[in-house]
Structures are given as structure tokens and as C-alpha cells.
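These notes are about the structure you will find just below.
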Amino acid sequence: MTYQLYRNTTLGNTLQETLDELIQYGQITPQLAIKILLLFDKSINNALPSRVRSRLTFKAGRLNTYRFCDNVWTFMLNDVEFREVQEVAKVDKVKIVACDGKNTEGKV
Amino acid sequence: MEGEECSGGHYSKERYTILFLTFANGKLEVSLPKTGSIMQSNNVATSSNTGGVLVLGKGPTGMVRQIDGADDSSDDDDDDEDEDDDAEEEEENDEKDEEEEEENEGGAEEEPLNSEDDVSDEDPTDLFDTDNVVVCQYDKITRSRNKWKFYLKDGIMNLGGKDFVFQRANGDAEW
């Protein structure tokens, strides 16, 4: 289950920008960049369930929109409060993109 | 009438009132007005005198007065109406174009066209650049009427420019 889902994160985007720069300077080939991104996908997909322990809850003022397409849920929430034990984070607007978490899913 | 040529053609104004007569037992025994005449209908698959077509006379000159059709707008009239409508539409369009041209010229001189656009001068928060995104996987998404429950896992969040990770996240929202 190696989703390319996590490429649109700070980490994933920074990696992609760096790889693009290296390609521009001719220091790596595009094929190598693709390989690296695939390896990134695998690493992050493995690390998250095994090395992360935190659990949190969130409560939204409003579910603005929901979309379920190609087994991917996309939500837009308003006035959301994320809570983890002591810490709280509040945002006006948040977008949640969620892929199917079941084990039998293949690569996206 | 049988044997006669069809007069008037497609747009004929002649109207014939036709009455089909027969008794339940199939017999036809009716005393008829003089001006009427009976034809045997060729389509009635019975023996003679069991059914028929009674022609009660032509148009306005016959015994049965024609009520409908007299004031109909003919196809000719319809064409005229259409032509008028088209002409009116063209005029309206020309007028509209002229008005728009005037507005455009006037607008450039008087005030910028975007003067009434809704522009928010202030950023609601300092975080307007951040698109708060949560990228994760879902275990279960449920809904009861408009109450949604989210059971998420393995997520990376970017909230207010800061990154967070979670193994599990449960949430509630109303739609």
C-alpha cells in the first residue's frame, strides 16, 4: 500500500522541489528523481504507522463539503479544533484528503 | 365522398363532421336527416348495415354548424408572427450593444470597472498563505443524518504553517 498521497506535504513538496532543482542543474536524471520519489513513498508509508504514536481528536464547527471519488475522501471543514491531550490547534478552514486505509488496497 | 377527389389539399378549410353509428348488436337502424348520406366504411369488418360512417355535411353551409376552426391562426399567420419576433429581437440586440458600448466608454472615464468588486483589504489572520491540509488514510467515515464521524489514521497535517503527525485521529462535524 504505497500511496503517493504524502507527496503533498511540507516534506514531500520540499523533496520534489529539490529534485527539480537538481535535474535543472543536470546533476541527476529525471528517472532517478522518480525512483527517489517512489522510495520516499515507501519510506513514509512505512514510518507513519510504525514510528508515530500520537492520537488526537478534532471537532469541526461545520462540514462545508464532502467528496468521495475513486475511493478518496476529500472534506472541507470550517472552524476546526484539533486536540491532543494538552495541546490545541484551531483553524478556520482545513482540507482533509484521505485514502482508503484498508490493507488490501494497491498502489495509487 | 367516396370516389371523389380530395378537394382543398393539405390546408383546406373545409371541415367535415363525421359521425360513426352502430348499435351494440351491430345493427344499424337509424332514421336520418335528408341532407345526410351514408357511406359504407370499408374498414368495418362486418357485413353490411352493421356499421357505417355518416357524413353530416360540409363546413358552414351544411346542417351541422362548424364551431371550431373558424378562428384558427393559420400557418400563414404563424409565419408572420415569427418574422415579427425575429425583427424585434434584432432590434433589442442592437440596442443592447449600443448600451454596452456607452457603458464601456463611460466607465473608462468615470470610474474603474472593478470599483465595485468585493476586495478584502485585510487578511483575516496572519496565516492566509497556509492552506491547512491533512493528508491521511481513513479507517471509517460514517454519517447519521447530517452528523459525520471521521476515523482517520497515519496522517500528516500542516496547520498554520506547522507540521503535525498522528497515528489516529477521530473527529466530528455537522454538515
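The values are calculated or read from the model by the stated rules, or taken from the named source; none is laboratory data. Just so you know, these numbers come straight off a predicted model, no measurement behind them. Cβ coordinates were reconstructed from backbone atoms using ideal geometry, including for glycine residues, and neighbour counts include every protein chain displayed. With ligands, DNA and RNA removed, areas are computed over all heavy atoms of the protein, side chains included. Shrake-Rupley method; radii C 1.70, N 1.55, O 1.52, S 1.80 Å.
If only residues of the range A:51-87 that are modelled with pLDDT of 90 or more and of a type in the set (Val, Ile, Thr) are counted, the one that is nearest to B:ASN132 (Cα to Cα) is A:VAL80.
For the range A:1-30, filtering for residues that are within 17 Å of the chain's Cα centre (by Cα) and surrounded by fewer than 13 Cβ atoms within 10 Å (Cβ to Cβ) leaves 3. Condition first: within 12 Å of chain B (Cβ to nearest Cβ), under 18 Å from the mean Cα position of the chain (by Cα) and not aromatic (Phe, Trp, Tyr). Can you find one or more residues in the range A:31-40 that meet it? Looking through the range A:31-40, none of the residues is within 12 Å of chain B (Cβ to nearest Cβ), under 18 Å from the mean Cα position of the chain (by Cα) and not aromatic (Phe, Trp, Tyr).
When A:TYR66 is tested against the conditions (1) touching a residue at least 24 places away in the same chain (Cβ under 8 Å); (2) in contact with a strand residue (DSSP E or B) (Cβ under 6 Å, 6 or more places away or on another chain); (3) over 16 Å from B:ARG168 (Cα atoms), the lone failure is (1).
Only residues that are open to solvent by 40 Å² or more (accessible area, probe 1.4 Å), more than 8 Å from chain B (Cβ to nearest Cβ) and under 15 Å from the mean Cα position of the chain (by Cα): list them for the range A:41-71, please. A:LYS42, A:SER43, A:ASN46 - these are the residues of the range A:41-71 that are open to solvent by 40 Å² or more (accessible area, probe 1.4 Å), more than 8 Å from chain B (Cβ to nearest Cβ) and under 15 Å from the mean Cα position of the chain (by Cα). Sub-8 Å Cβ pairs linking a first residue in the range B:148-175 that is under 14 Å from A:ILE44 (Cβ atoms) to a second residue that is charged (D, E, K, R) and part of a loop (DSSP other than H, G, I, E, B), at least 6 apart or interchain, are B:GLN167/A:ARG53, ordered by first then second residue. The selection criterion, being more than 11 Å from every other protein chain (Cβ to nearest Cβ) and basic (Lys, Arg), does not hold for A:LYS95. Residues in the range B:148-170 that are assigned to a strand (DSSP E or B), out of contact with any strand residue (DSSP E or B) (no Cβ under 6 Å at 6 or more places or on another chain) and more than 7 Å from chain A (Cβ to nearest Cβ): B:LYS162 alone.
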